Amino acid sequence: MSFGKASVRDADVAGRRVLMRVDFNVPLEDGRIGDDTRIRAAMPTLELLRERGARALLVSHLDRPKGFDPALSMRPVAARLSELLGSEVRQAPAVVGEEVREMTQGVGDGEVLLLENSRFEPGETKNDPELARSLADLADVYVDDAFGAAHRAHATTVGVAELLPAYAGLLLQAEVENLTAVAESPDHPLVVILGGAKVSDKMGVITRFLDLADSILIGGAMCFSFFRARGIPTGDSLVEEEGVRLAAEALQLAESSGCELRLPMDLVLGDSFSAGAERRKSDGTEVPDGWMGLDIGPRTARAYADAVSKAGTVLWNGPMGAFELEPFAAGTRAVAEAVAAAPGRTVVGGGDSVAALQGFGLAEKVDWLSTGGGASLELLEGHELPGVKALDDA
Ligand code: 3PG
């Protein structure tokens, strides 16, 4: 597949104002950045723009404020950016308006200005044409490196792209190419590991990959929707009711597909959702009342790791259990270690599995670690992302 969109590498940016959409929607803990991966991931495009003498105006959303909220200002991001770039990044007090316009006029070649949280503007999530126009008036060129927000048709991702020459940033392009390649040109066997709480979040990926993958390995609390659909007692485990119907549908689709849909064979149970819970292993998949399944068991972990070690391509999205509670982290750790050691191509998406890999110190061992949550799932489901579609064709 060819990416098909104009690349920032081919943009004429010297001495021009470039509005660069980034996804700096980073976790904040007491006003400090918990994980700066998304900021670091935008550095190659930003460095390229600076080397070429562009005047970069960065814009991103942060969380989901309803209007102005000082707790969700981009200030901590400006501080982190300044550290990463080794020079001070100024921060505008708003997204658009006269004061912002004046500040953008003062940005020199190779300099960077960070605009405020785009969601402080009520028109952002409505893709308001007036907001898009005001944003476009600030710049000569638009560059989109916000892969994580490319599934949102907002003023900073779509509206403004339609009004300026619009190029793909290096991260956005690499994300689309790496994730698309899993579906379009995998080396077989293609093994897909899916976990997390809800079948409904992953159903689009399950149905698509039942036609493409050699096996889909299910873990995480979503397996209890599958067990319930098969009439297996799930005790006090987390069960998504809507997921039970979807799981039944997936099991039926799997029968006529050439793909093996595998469920855990054993579990680790706890008597409550806490690190101090009483814990026991269950050799089968029945969960008695008073207990909940909080991790895949060791036999399942070994079987899944074995499948990963023989795969030509591995796609992993979603943890195998409550890995944030140490006594229930073993299944996710075993899968993470297997993915890190796999000889085939490995692609990991979804905030939790990425966080798990980082927590285990294995992130560097994976071929592609996506910065997108919802965006990576939508792309894997086979949808065209509005933020990508809006860019100029190559
Ligand atoms: C994400 O974190 O997945 C993106 O930044 C999109 O955020 P949103 O779901 O609030 O639009």
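If the cut-off is a Cα-Cα distance under 22 Å, which lysines reach Lys5, setting aside same-chain residues fewer than 8 apart in sequence?
The qualifying lysines are Lys389.
Can you tell me which lysines have their Cα less than 22 Å from the Cα of Lys66? Leave out same-chain residues fewer than eight positions away.
Within the straight-line limit of under 22 Å, Lys66 reaches these lysines: Lys126.
By a straight-distance test (C-alpha under 24 Å), which lysines pair with Lys281 as possible cross-link partners, with residues fewer than eight away in the same chain excluded?
The qualifying lysines are Lys198.
Can you tell me, using C-alpha contacts under 8 Å and at least 6 residues apart, the relative contact order of the chain as a whole percent?
16
For a quick check: with amide H placed at 1.01 Å from N, whose amide H comes under 5 Å from Val287's, ignoring anything fewer than 5 positions away on the same chain?
When sequence neighbours closer than 5 places are left aside, the close amide H contacts are Thr234, Gly235.
Within the chain, what percent of beta bridges assigned by DSSP are antiparallel, to the nearest 5?
Restricted to the chain, the bridges split so that about 20 percent are antiparallel.
Could you pull out every residue, at least 5 positions away or on a different chain, whose amide H is within less than 5 Å of the one on Glu111? Hs are placed 1.01 Å off N in the peptide plane, and Pro or chain starts have none.
Ala56
Let me have the 222 nm mean residue ellipticity of the chain computed from DSSP H runs of 4+ only, each contributing -39500 (n - 2.57), with the sum over all residues rounded to the nearest 500.
Estimated from H runs of four or more residues: -10000 deg cm²/dmol.
Only Lys, Arg, Asp and Glu count, each charged at its Cβ (+1, +1, -1, -1), so figure out the dipole size of the stretch 186-380 about its Cα centre, rounded to 20 debye.
About 320 debye.
Taking the chain as a Gaussian network, Cα atoms linked when under 10 Å apart, which of Ala248, Ala183, Ala41 shows the biggest mean-square fluctuation?
Highest fluctuation of the listed residues: Ala248.
How do the peptides 344-356, 7-19 rank, highest first, by the average count of neighbouring beta carbon atoms within 10 Å per residue?
Top to bottom by mean Cβ count within 10 Å: 344-356, 7-19.
What are the ³J(HN,Hα) couplings of the stretch 97-108, residue after residue, when phi is run through the Karplus curve with 6.51, -1.76, 1.60 and θ = phi - 60°? Round to Hz, x for glycine and proline.
Whole-Hz 3J(HN,Hα) from phi for the stretch 97-108: x, 4, 4, 5, 4, 4, 4, 5, 5, x, 7, x.
In the chain, with Lys and Arg counted as +1 and Asp and Glu as -1 at Cβ, which of these residues, Ser82, Val160, Val59, has the Cα nearest the positive end of the dipole, that is, farthest along it?
It is Ser82, whose Cα lies furthest towards the positive end.
Would you mind working out the magnitude of the charge dipole of the chain relative to its Cα centre, with +1 at each Lys and Arg C-beta and -1 at each Asp and Glu C-beta, to the nearest 20 Debye?
340
With +1 assigned to the C-beta of every Lys and Arg and -1 to the C-beta of every Asp and Glu, and no other charges, what is the dipole magnitude of the stretch 278-394 about the Cα centre in debye, to the nearest 20?
500
Per residue of the stretch 155-169, in order, report the coupling 6.51 cos²θ - 1.76 cosθ + 1.60 (Karplus, θ = phi - 60°) as ³J(HN,Hα) in whole Hz, putting x for Gly and Pro.
Ordered by residue, 3J(HN,Hα) equals 4, 7, 10, 10, x, 6, 5, 7, 10, 10, x, 10, 10, 7, x Hz.
Decide, for the stretch 186-380, between rounded, prolate and oblate: order the square roots of the alpha carbon gyration tensor eigenvalues as a ≥ b ≥ c, take rounded if a/c falls under 1.5, and otherwise choose prolate if a/b is larger than b/c, else oblate.
Judged from the Cα gyration tensor, the stretch 186-380 comes out oblate (a/c at least 1.5, b/c at or above a/b).
Select from Glu102, Glu177, Glu124 the residue whose mean-square fluctuation is largest in a Gaussian network model of the chain (Cα-Cα springs shorter than 10 Å).
So, out of Glu102, Glu177, Glu124, the one fluctuating most is Glu102.
Fewest Cβ neighbours within 10 Å first, please rank Cys223, Cys259 accordingly.
Result, fewest neighbours first: Cys259, Cys223.
Would you mind telling me which residue in Asp283, Asp367, Asp214 has the biggest mean-square fluctuation in a Gaussian network model of the chain, where springs connect alpha carbons within a distance under 10 angstrom?
Maximum fluctuation in the GNM of the chain, among the listed residues, is at Asp283.
Tabulate in residue order the Karplus-calculated ³J(HN,Hα) for the stretch 320-327, using 6.51 cos²θ - 1.76 cosθ + 1.60 with θ = phi - 60°, rounded to whole Hz; enter x for Gly and Pro.
Rounded to whole hertz, the list is 7, x, 7, 5, 6, 9, 3, x.
Please order Ser257, Ser376, Ser87, Ser185 by the number of other Cβ within 10 Å, starting at the fewest.
Least crowded to most crowded, the residues run Ser185, Ser87, Ser257, Ser376.
Please give the Cα centre distance for the stretch 20-68 versus the stretch 278-307, rounded to the nearest Å.
40
Every number in this text was worked out from the coordinates using simple rules, so none of it is lab data. Here the structure is a predicted model, which is why all the values come from computation and not from measurement. Cβ coordinates were reconstructed from backbone atoms using ideal geometry, including for glycine residues, and neighbour counts include every protein chain displayed.
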